[in-house]
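Trainee: Structure provided below as structure tokens; questions to follow.
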Amino acid sequence: MLQNVLLAREIYASEEHQMMQTMIRDFIHNEIIDQTDAWEKNGMVSRDIWERAGALGLLCIDMPEQYGGSGLDFSFNALFIEELAKEGISGPGFSLHSDIVAPYLVKYGTKAQKQKYLPPMATGKMITSIGMTEPSCGSDLQSITTNAVDKGDHYLVNGQKTFITNGYMCDMSVVAVKTNVGTAKEGVSLLIMESTFEGFEKGVPFKKIGMKAQDTCELFFDNVKVPKENLLGEEGSGFKIMMTELARERLTVALNAIGGAEGAIEKTIAYTSTRTAFKQPIAGFQNTQFKLAECATQLQVHQAFLDRCTLLVSSHQLTAESASMAKYSATEMHNNVVDECLQLFGGYGYIWDYPIARMYADNRVARIYAGTNEIMKVLIARGLFKELFQEMKTKKREKTK
Ligand SMILES: Cc1cc2nc3c(=O)[nH]c(=O)nc-3n(C[C@H](O)[C@H](O)[C@H](O)COP(=O)(O)OP(=O)(O)OC[C@H]3O[C@@H](n4cnc5c(N)ncnc54)[C@H](O)[C@@H]3O)c2cc1C
């Protein structure tokens with residue numbers, strides 16, 4: 001058993017964490033796992049599961065209680081992410097909703113915005129998404145072209161977003177737009193857009209390699225009137241807000257990776273202990289033992305780093321560089337672990353009925369979304385060479401004067 005070799009994790013040691021873990025596991029086993037096939041066929045989960053998660057207090061866990069959240073710290077969100085990942089549950093985009101969209105509103109929303117949107121988000125009656133990526137740009141977010149023209153009491157929005165998690169089911173999306181295009185004030189702003197606004201259209205969910213129950217789709221905006229009171233944060237501050245908040249988003253992807261790796265290793269230990277070849281369990285071969293020993297070591301090293309990062313989120317001290325290191329390294333580790341584990345399942349590893357096959361297909365995207373792992377390295381390197389890059393910039397500016 002993996003637990004025999006992993007150190008106990010202090011961040012999840014409290015009685016409250018233990019109780020929540022039991023509740024989450026019951027929720028997954030009694031209400032989620034059996035529905036996975038049907039959700040995959042539909043290309044999306046049911047609305048009911050969102051409301052069940054809300055009723056159990058599993059949505060927006062660290063949101064203040066005054067808005068309907070559970071008012072706990074981020075380690076409880078982290079626990080939920082890991083537990084879902086251990087069982088390879090990738091359909092419900094709970095984390096995107098609770099850990100990414102909700103904090104944008106809590107931190108930058110006006111009182112009226114918080115009162116309107118946060119309570120239904122906590123109950124699961126309102127499903128949300130975040131629209132940054134466009135067909136022509138993902139890594140280079142400053143190049144977005146979705147345009148919001150100031151019309152006095154509203155913005156008139158035209159453009160398109162793509163690859164949007166929860167896109168098809170969402171009732172509201174926080175959308176990155178360009179404001180004041182062609183003027184000195186041109187910049188990125190964030191708008192809260194409700195899916196019932198006229199001209200807000202959704203594409204059909206994409207057919208993906210994995211995460212088949214996750215409703216990733218395109219969003220289209222055709223002369224959508226967005227009231228001025230739906231501006232999130234200050235006009236032109238969208239890029240800065242996104243760069244600040246992306247650290248937390250990247251950590252959630254990393255947490256999913258360590259949960260997924262733990263689940264994959266557990267399942268592989270169980271499988272190789274019972275499957276036999278050459279009159280002995282597959283686990284009897286030194287190759288199996290070495291591979292799983294390597295995987296368990298990699299997992300434990302990443303858990304230690306991620307536990308530290310999780311604590312830093314609650315005290316608002318997680319840096320962009322550390323979040324990038326966590327996302328890049330944990331997702332690469334997860335990819336390697338799942339690949340090695342699948343190999344140990346032999347042919348059955350390639351069959352969809354076996355969770356390891358789903359895990360393999362689902363986790364590939366983690367090296368791409370929330371910023372590709374190449375972009376993570378760009379961000380880390382930017383920190384390493386900060387002074388040099390600053391100097392080069394100043395010299396360039398002086399030259400062009
Ligand atoms: C399933 C799924 C869900 C997603 N969910 C969301 C969502 O909810 N909201 C949202 O806004 N977006 C979402 N995305 C989009 C995702 O964040 C982008 O796909 C990602 O940021 C990469 O952007 P891109 O696809 O435009 O790739 P590109 O930017 O075109 O990159 C292509 C390749 O070039 C490399 N590259 C680019 N720039 C550099 C550089 N400077 N140095 C080195 N290499 C570079 C990249 O690493 C990559 O390998 C999702 C994507 C998927 C697949």
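The values are calculated or read from the model by the stated rules, or taken from the named source; none is laboratory data. These numbers come from a predicted model, not from an experiment. All Cβ positions, even for glycine, are placed from backbone atoms using ideal geometry, and neighbour counts span all protein chains on display. Please note that ligands, DNA and RNA were not included when accessible areas were found on the heavy atoms of the full protein model with its side chains. Shrake-Rupley method; radii C 1.70, N 1.55, O 1.52, S 1.80 Å.
Trainee: If only one of Gly138, Gly131 is within 17 Å of the chain's Cα centre (by Cα), surrounded by 22 or more Cβ atoms within 10 Å (Cβ to Cβ) and within 8 Å of the ligand (Cβ to nearest atom), which one is it?
Mentor: Values: Gly138 fails: surrounded by 22 or more Cβ atoms within 10 Å (Cβ to Cβ).
Being within 17 Å of the chain's Cα centre (by Cα), surrounded by 22 or more Cβ atoms within 10 Å (Cβ to Cβ) and within 8 Å of the ligand (Cβ to nearest atom) holds for just one of Gly138, Gly131, which is Gly131.
Trainee: Could you figure out which of (1) in contact (Cβ under 8 Å) with a residue 60 or more places away in the chain; (2) open to solvent by less than 40 Å² (accessible area, probe 1.4 Å); (3) within 12 Å of the ligand (Cβ to nearest atom) isn't true of Val177?
Mentor: It fails just one condition, (3).
Trainee: I'm told Gly167 meets every condition in (1) within 16 Å of the ligand (Cβ to nearest atom); (2) in contact with a Pro (Cβ under 8 Å, 6 or more places away or on another chain); (3) open to solvent by 70 Å² or more (accessible area, probe 1.4 Å); (4) not hydroxyl-bearing (Ser, Thr, Tyr) except one. Can you identify the failing condition by its number?
Mentor: (3)
Trainee: List pairs: first residue in the range 359-371 and closer than 12 Å to Lys208 by Cα, second residue open to solvent by 20 Å² or more (accessible area, probe 1.4 Å) and within 10 Å of the ligand (Cβ to nearest atom) anywhere in the structure, Cβ distance under 8 angstrom, at least six positions apart or on different chains.
Mentor: Close Cβ pairs satisfying both conditions: Ala361/Ile209; Ala361/Met211; Asp362/Ser90; Asp362/Met211; Arg364/Ile209; Val365/Lys208; Val365/Ile209; Val365/Met211.
Trainee: Still on this model: Within the group Leu318, Leu342, which residue is away from the ligand (no atom under 16 Å from the Cβ) and touching a Gly at 6+ places or on another chain (Cβ under 6 Å)?
Mentor: Leu342
Trainee: State the number of residues belonging to the range 146-162 that are surrounded by fewer than 19 Cβ atoms within 10 Å (Cβ to Cβ), within 23 Å of Cys217 (Cβ to Cβ) and among the β-branched types (Val, Ile, Thr).
Mentor: 0
Trainee: Determine which member of the set Asp215, Asp222 is under 22 Å from the mean Cα position of the chain (by Cα) and either in a loop (DSSP other than H, G, I, E, B) or acidic (Asp, Glu) (or both).
Mentor: Values: Asp222 fails: under 22 Å from the mean Cα position of the chain (by Cα).
Only one candidate qualifies: Asp215.
Trainee: If I filter the range 197-217 down to residues being within 11 Å of the ligand (Cβ to nearest atom) and of a type in the set (D, E, K, R), which single residue comes out as surrounded by the most Cβ atoms within 10 Å (Cβ to Cβ)? Full working, then the answer.
Mentor: Of all residues in the range 197-217, those within 11 Å of the ligand (Cβ to nearest atom) come to 205-206, 208-212, 214-217.
Those still in the list that are of a type in the set (D, E, K, R) too: 208, 212, 215.
On the way: Lys208: 15, Lys212: 24, Asp215: 26.
Looking at the filtered set, the residue picked out is Asp215.
Trainee: Of all residues in the range 38-65 being in contact with a Ser or Thr (Cβ under 6 Å, 6 or more places away or on another chain) and not aliphatic (A, V, I, L, M), which is surrounded by the fewest Cβ atoms within 10 Å (Cβ to Cβ)?
Mentor: To start, the set of residues in the range 38-65 that are in contact with a Ser or Thr (Cβ under 6 Å, 6 or more places away or on another chain) comprises 54, 57, 59-61.
Imposing the further condition that a residue be not aliphatic (A, V, I, L, M) reduces the set to 54, 57, 60.
Working: Gly54: 21, Gly57: 17, Cys60: 30.
Looking at residues that are in contact with a Ser or Thr (Cβ under 6 Å, 6 or more places away or on another chain) and not aliphatic (A, V, I, L, M), I get Gly57.
Trainee: Can you tell me which residue in the range 91-119 is farthest from the ligand (Cβ to nearest atom), limited to those that are open to solvent by 10 Å² or more (accessible area, probe 1.4 Å) and touching a Gly at 6+ places or on another chain (Cβ under 8 Å)?
Mentor: That would be Pro119.
Trainee: Here are Ala320, Ala293, Ala257: which of them is farther than 30 Å from Ile100 by Cβ and of a type in the set (Gly, Ala, Ser)?
Mentor: Values: Ala320 fails: farther than 30 Å from Ile100 by Cβ; Ala257 fails: farther than 30 Å from Ile100 by Cβ.
Matching residue, one of Ala320, Ala293, Ala257: Ala293.
Trainee: Does Val157 count as outside the structural domain of Ser314 (by TED's automatic domain parsing) and more than 12 Å from the ligand (Cβ to nearest atom)?
Mentor: On the way: outside the structural domain of Ser314 (by TED's automatic domain parsing): yes; more than 12 Å from the ligand (Cβ to nearest atom): yes.
Judged against the criteria, Val157 is a match.
Trainee: Now a separate question. If Lys386 satisfies all but one of (1) open to solvent by 30 Å² or more (accessible area, probe 1.4 Å); (2) away from the ligand (no atom under 15 Å from the Cβ); (3) in contact with a helix residue (DSSP H, G or I) (Cβ under 8 Å, 6 or more places away or on another chain), what's the number of the condition it fails?
Mentor: All conditions pass for Lys386, except number (3).
Trainee: Going by the structure shown, is Glu186 in contact with a Lys or Arg (Cβ under 9 Å, 6 or more places away or on another chain) and either open to solvent by 10 Å² or more (accessible area, probe 1.4 Å) or among the β-branched types (Val, Ile, Thr) (or both)? Quick ask: steps written out before the conclusion?
Mentor: Working: in contact with a Lys or Arg (Cβ under 9 Å, 6 or more places away or on another chain): yes; either open to solvent by 10 Å² or more (accessible area, probe 1.4 Å) or among the β-branched types (Val, Ile, Thr) (or both): yes.
Against the criterion (in contact with a Lys or Arg (Cβ under 9 Å, 6 or more places away or on another chain) and either open to solvent by 10 Å² or more (accessible area, probe 1.4 Å) or among the β-branched types (Val, Ile, Thr) (or both)), Glu186 qualifies.
Trainee: Would you confirm whether any residue within the range 62-69 is of a type in the set (Ser, Thr, Tyr), closer than 28 Å to Ile164 by Cα and in contact with a Lys or Arg (Cβ under 7 Å, 6 or more places away or on another chain)? Talk me through it step by step, then tell me what you get.
Mentor: The first filter runs over the range 62-69 and keeps only residues of a type in the set (Ser, Thr, Tyr), leaving 67.
Cutting the leftovers down to closer than 28 Å to Ile164 by Cα gives us 67.
Right, trim to in contact with a Lys or Arg (Cβ under 7 Å, 6 or more places away or on another chain) and you get 67.
Yes, there is a match, as at least one residue in the range 62-69 is of a type in the set (Ser, Thr, Tyr), closer than 28 Å to Ile164 by Cα and in contact with a Lys or Arg (Cβ under 7 Å, 6 or more places away or on another chain).
Trainee: On to the next question. Which one is farthest from Glu82 (Cα to Cα), of the residues in the range 342-383 that are β-branched (Val, Ile, Thr) and open to solvent by 70 Å² or more (accessible area, probe 1.4 Å)? Please lay out each step first, then the result.
Mentor: Keep residues of the range 342-383 that are β-branched (Val, Ile, Thr), which gives 351, 356, 365, 368, 372, 375, 378, 380.
Narrowing further to those that are open to solvent by 70 Å² or more (accessible area, probe 1.4 Å): 351, 368.
Working: Ile351: 24, Ile368: 19 Å.
Step by step, filter the range 342-383, then rank; the result is Ile351.
Trainee: Next question, about the same structure. Report, by residue number, each residue of the range 127-160 that is assigned to a strand (DSSP E or B) and under 24 Å from Leu379 (Cα atoms).
Mentor: Residues of the range 127-160 that are assigned to a strand (DSSP E or B), as a first pass: 128-131, 134, 137, 147-150, 154-160.
Within the range 127-160, Ile130, Gly131, Glu134, Cys137 meet the criteria.
Trainee: Restricting the range 233-256 to residues that are of a type in the set (S, T, N, Q) and open to solvent by 40 Å² or more (accessible area, probe 1.4 Å), which is nearest to Val365 (Cα to Cα)?
Mentor: Let us first name the residues in the range 233-256 that are of a type in the set (S, T, N, Q), namely 237, 244, 252, 256.
Subset that is open to solvent by 40 Å² or more (accessible area, probe 1.4 Å): 244, 256.
On the way: Thr244: 22, Asn256: 12 Å.
My answer is Asn256.
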